[in-house]
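Visitor: Please find one structure pasted underneath; my questions will follow.
The values are calculated or read from the model by the stated rules, or taken from the named source; none is laboratory data. Predicted model, so just to flag it, every value in this text is computed and none were measured. Glycine gets a Cβ as well: all are built from the backbone with ideal geometry, and neighbour counts include every protein chain shown. Note: accessible area is taken over every heavy atom of the protein model, side chains too, but ligands, DNA and RNA are not part of it. Shrake-Rupley method; radii C 1.70, N 1.55, O 1.52, S 1.80 Å.
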Amino acid sequence: MEAKAHLRNARIAPRKVQIVLDLIRGKDVNVAMATLKHTPKAACEDLQKLLKSAIANAENNFGLDTNKLYVSECFVCPGPIMKRIMPRAQGRAYRILKRTSHITLVVKEREEAEVAE
């Protein structure tokens with residue numbers, strides 16, 4: 001049994017989010033929450049809220065034990081890109097790409113055999 005949480009159109013570049021997701025993948029939810037709390041990256045605030053949402057979904061929708069949960073899967077996909085123009089010298093214009101992200105976080109309950117290891 002697994003519980004998911006999605007964050008769509010987050011206004012942060014996917015490559016910045018991917019760095020933080022690599023830190024919490026496969027970790028226990030309490031360890032993952034502590035890691036997010038003490039990591040000085042911009043993506044951590046959004047990911048903390050997303051992890052809390054996934055834990056709440058697991059507890060309320062599926063009746064899973066929150067003490068046995070771990071981050072089984074987490075990934076980021078690029079969302080729509082906002083294109084902006086920055087004026088430059090001699091009448092030229094440079095394009096600025098403001099990237100967005102779609103973030104998915106999945107938590108599962110550890111089996112008894114996995115907890116003992």
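Visitor: Do you know which residues across the range 32-48 are more than 17 Å from residue 67 (Cα to Cα) and without any contact (Cβ under 8 Å) to a residue 12 or more places away in the chain?
Guide: Passing the criteria: 37, 38, 40, 45.
Visitor: Pairs please, first residue from the range 17-31 and touching a residue at least 60 places away in the same chain (Cβ under 8 Å) and in a helix (DSSP H, G or I), second anywhere and surrounded by 15 or more Cβ atoms within 10 Å (Cβ to Cβ) and of a type in the set (Phe, Trp, Tyr), Cβ atoms under 7 Å, 6+ apart in sequence or on different chains.
Guide: From residues that are touching a residue at least 60 places away in the same chain (Cβ under 8 Å) and in a helix (DSSP H, G or I), the pairs are 29/70.
Visitor: Residue 52 is checked against (1) under 17 Å from residue 17 (Cβ atoms); (2) in a strand (DSSP E or B) and fails just one. What number does that condition carry?
Guide: So the condition that residue 52 fails would be (2).
Visitor: Considering the range 85-105 alone, what residues qualify as being basic (Lys, Arg) and either farther than 29 Å from residue 4 by Cβ or open to solvent by less than 60 Å² (accessible area, probe 1.4 Å) (or both)?
Guide: Step one: of the range 85-105, the residues basic (Lys, Arg) are 88, 92, 95, 98-99.
If the condition is that a residue be basic (Lys, Arg) and either farther than 29 Å from residue 4 by Cβ or open to solvent by less than 60 Å² (accessible area, probe 1.4 Å) (or both), then 88, 92, 95 are the ones that fit.
Visitor: Could I ask something else about it? Looking only at residues that are among the hydroxyl-bearing types (Ser, Thr, Tyr) and closer than 21 Å to residue 111 by Cβ in the range 49-74, which one is nearest to the chain's Cα centre (by Cα)?
Guide: The extreme case among them is 72.
Visitor: Please specify each residue of the range 66-84 satisfying the condition of being assigned to a strand (DSSP E or B), open to solvent by 70 Å² or more (accessible area, probe 1.4 Å) and free of Cβ contacts under 8 Å to residues at least 40 places away in the same chain.
Guide: Taking the range 66-84 and keeping what is assigned to a strand (DSSP E or B), we get 69-78, 82-84.
From what is left, the residues that are open to solvent by 70 Å² or more (accessible area, probe 1.4 Å) are 73, 75, 78, 83-84.
Result: 83, 84.
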